[in-house]
1. Can you tell me which residues in segment 1-36 are surrounded by fewer than 19 Cβ atoms within 10 Å (Cβ to Cβ) and among the aliphatic types (A, V, I, L, M)?
2. From (1) within 25 Å of Asp151 (Cα to Cα); (2) without any contact (Cβ under 8 Å) to a residue 24 or more places away in the chain; (3) crowded, with 21+ Cβ neighbours inside 10 Å, pick out the condition that doesn't hold for Ser105.
3. Of the residues that make up segment 37-45, is at least one touching a helix residue (DSSP H, G or I) at 6+ places or on another chain (Cβ under 7 Å), part of a helix (DSSP H, G or I), modelled with pLDDT under 90 and surrounded by fewer than 21 Cβ atoms within 10 Å (Cβ to Cβ)?
4. As an exercise: evaluate Leu74 against (1) surrounded by fewer than 22 Cβ atoms within 10 Å (Cβ to Cβ); (2) farther than 25 Å from Asn143 by Cα and give the number of the one condition it does not meet.
5. Among Ala96, Ala145, which is open to solvent by 10 Å² or more (accessible area, probe 1.4 Å) and in a helix (DSSP H, G or I)?
6. Any chance segment 110-118 includes a residue that's open to solvent by 30 Å² or more (accessible area, probe 1.4 Å), over 30 Å from Val129 (Cβ atoms), in a loop (DSSP other than H, G, I, E, B) and not β-branched (Val, Ile, Thr)?
7. Leu125 fails exactly one of the following numbered conditions: (1) within 17 Å of Tyr108 (Cβ to Cβ); (2) touching a His at 6+ places or on another chain (Cβ under 8 Å). What is the number of that condition?
Amino acid sequence: FSECLTVSQQLGDRFHTAVHLNNLGTVYHVMAQYRQAESLYEQSLRVCRELGDQSGQAIALSNLGEIAQILNDLDRAEQYYLEGCELANRMGDQYAAVACLNNLSAVYGQTGALQLARIKARAALQLAVSAQSWNQVAAIVLNAAELLIQDGQAQTAEPVLRLLVGHQGAEKDIQMRAAQLLQSVPATSTVSFASLKEAVDHLLPLWAENN
């Protein structure tokens, strides 16, 4: 990616410069070199703003939000995600909107604002289900389980986590996080879910707007 970035800069190709800055940032992100990743994402965002590239801005904002969240700078993470949600809605990008809403929910959960966290998670879940974006549904359901545990409802979270651990459609990191959380909750629930849809149908009424 470094070579591609250099070539794009030499050619004055600002669109691909922004793309390669973001890609290189992702490399450092995965390597846990978060400050270096943050700097590259910020440069990518700046170029995308200059170009008016809303899609590129949304990607950079999401990545910056993740870095801020990892570094426990939750106010800044919230701002990045809120701006990302606004852009996603403006573009009509439902996938990006779902990701931003779920990320916001996780941030609010970390700050202890559980009511706000539930509102964002519910909105994300409804959008993801309507789009049948089941990978995203799995990520939101994992977030939902964490919120339930925080809210003292570990027994309700336990069957959700069991489903995710064994769900072949869930990404590896989701399965691993679910397994980790499952070790911390009592295995007392007799409820069992055969699909993500069943888990969603169980979760949504818990987050009814009047609750």
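The values are calculated or read from the model by the stated rules, or taken from the named source; none is laboratory data. In this text, all values refer to a predicted model and were calculated from it rather than measured experimentally. Backbone-built Cβ (ideal geometry, glycine too); neighbour counts: all protein chains shown. Remember, those area values only see protein heavy atoms, side chains included, never the ligands or the DNA or RNA. Shrake-Rupley method; radii C 1.70, N 1.55, O 1.52, S 1.80 Å.
1. Within segment 1-36, Val7, Leu11, Val27, Val30, Met31, Ala32 qualify.
2. Condition (2) is where Ser105 drops out.
3. no
4. (2)
5. Numbers: Ala145 fails: open to solvent by 10 Å² or more (accessible area, probe 1.4 Å).
Of the residues listed, the single one that is open to solvent by 10 Å² or more (accessible area, probe 1.4 Å) and in a helix (DSSP H, G or I) is Ala96.
6. no
7. Of everything listed in (1) within 17 Å of Tyr108 (Cβ to Cβ); (2) touching a His at 6+ places or on another chain (Cβ under 8 Å), Leu125 misses just condition (2).
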